[in-house]
1. Using only the Cα atoms of region 171-264, build the gyration tensor, take square roots of its eigenvalues as a ≥ b ≥ c, and label the shape rounded, prolate or oblate: rounded if a/c is under 1.5, else prolate if a/b is larger than b/c, else oblate.
2. Show the residues, 5+ positions off or on another chain, whose built amide H is closer than 5 Å to the amide H of Gly252.
3. Using DSSP to call loops (not H, G, I, E or B), can you name the GluC sites (Glu not before Pro) in region 168-263 whose Cβ has at most 13 other Cβ atoms within 10 angstrom?
4. Rolling a 1.4 angstrom probe over the protein heavy atoms, how many square angstrom per residue are accessible across region 218-318?
5. Once you charge only the Cβ atoms, +1 for Lys and Arg and -1 for Asp and Glu, what is the size of the charge dipole of the chain about its Cα centre, to the nearest 20 debye?
6. Using only the Cα atoms of region 192-314, build the gyration tensor, take square roots of its eigenvalues as a ≥ b ≥ c, and label the shape rounded, prolate or oblate: rounded if a/c is under 1.5, else prolate if a/b is larger than b/c, else oblate.
7. From the square roots a ≥ b ≥ c of the eigenvalues of the alpha-carbon gyration tensor of region 1-104, which class results: rounded (a/c under 1.5), prolate (a/b over b/c), or oblate?
8. Consider just the alpha-carbon atoms of region 32-163 and return their Rg together with their Dmax, both in angstrom.
Amino acid sequence: MRVLVTGGAGYIGAQACKALAAAGHEPIVYDNLSQGHRWAVRHGPLEEGDVTDEARLADVIAKWRPEAVMHFAALISVGDSVAQPGAYYRVNVGGALSVLAAMRPAGIDRFVFSSTGTVHGPPARLPITEDMAYRPISPYARSKAMVEAVLADCAAAGHLKCAALRYFNACGADPDGEMGEEHDPETHLIPLVLAAARDGATLTLNGDDYDTPDGTCVRDYIHVADLARAHVLALDWLEGAEGFRAFNLGTGQGFSVRQIIDAAAEVTGKPIAVRIGPRRPGDAPSIWADPGRAAAELGFTAASSSLPTIVETAWKWMIDKPAYAAP
């Protein structure tokens, strides 16, 4: 089928487009390129436009007549959302409303939503399951929870069937070397650790006195290629589904920051100097998902998410990226 992919020039959206094309679908990328990259659009046409521009969205939908939408377009920095909450609600919530408004007159009712495990906030228990209460503690996480509520209401009204995919820590790079993380500024742990190894720089570790086995935060890391496959599985699932359903996308296993640093040192063959900095406000000691629902209902397993695979693909991208992706 033809699928409109908002934010399809971004890190996860571009990989999802590749997975869609491999499954025989045609992705139509809709992106304003404020955070995505033109070079990452390699598996379908690009339509430039802002996600809050309902008229532009309607024109693109009329032109291509997609049968489903995958919605990635959003602002994603937790820290930045605290400083600029209005922008996050305008883009993340307002953008989703614009997409839904443009979809309905065209009769499109299948919607795969890029959500986040942070809607649950610091977890009351582990592992995190989809039925746990919303406890978002940042405007970013709150914006995603708000969109999930909108989608659930639209589904209850019979206007939509939706899979909300709650990511844990997206990481790694395309195994074929076509695309990877290119954020400016970069805030994700694994590329920051690898950049320190590459540059011989000192990495700041935010706290080493958490209640975890080695004192550093533990998180659930899932490879971007696995995330992309999950979106295609969710699209297939929507064929026979009704209503709204949320799915955790994680591995069910946590790794500490020190384990990530050790894995990066082993893959790169380079020492990584570390200094201990203060804790970041709001960081929970440990977070990992229960991925059982996605396994049972979507048939999803995180097959590419071993820690060595994640770090190796990210490192290969960093040191050997194609010429077209050079800054």
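1. Working: a/c = 2.99, a/b = 1.64, b/c = 1.82.
Oblate is the answer for region 171-264, as a/c is 1.5 or above yet b/c matches or exceeds a/b.
2. It is Ala289, by chain and number.
3. Those that pass, being in a loop and sparsely packed, are Glu186, Glu239, Glu242.
4. Numbers: 4270 Å² over 101 residues.
Here the residues of region 218-318 average 42 Å² of exposed surface.
5. In total the dipole reaches around 260 debye.
6. Prolate is the answer for region 192-314, as a/c is 1.5 or above and a/b outweighs b/c.
7. Working: a/c = 2.15, a/b = 1.37, b/c = 1.58.
In terms of gyration-tensor shape, oblate.
8. 15.5, 47
The values are calculated or read from the model by the stated rules, or taken from the named source; none is laboratory data. The model shown is predicted, which means the values in this text are computed figures rather than measured ones. Positions of Cβ are generated from backbone atoms using ideal geometry, with glycine treated the same way; all protein chains shown enter the neighbour counts. For accessibility, only protein heavy atoms count, side chains too; no ligands or nucleic acids. Shrake-Rupley method; radii C 1.70, N 1.55, O 1.52, S 1.80 Å.
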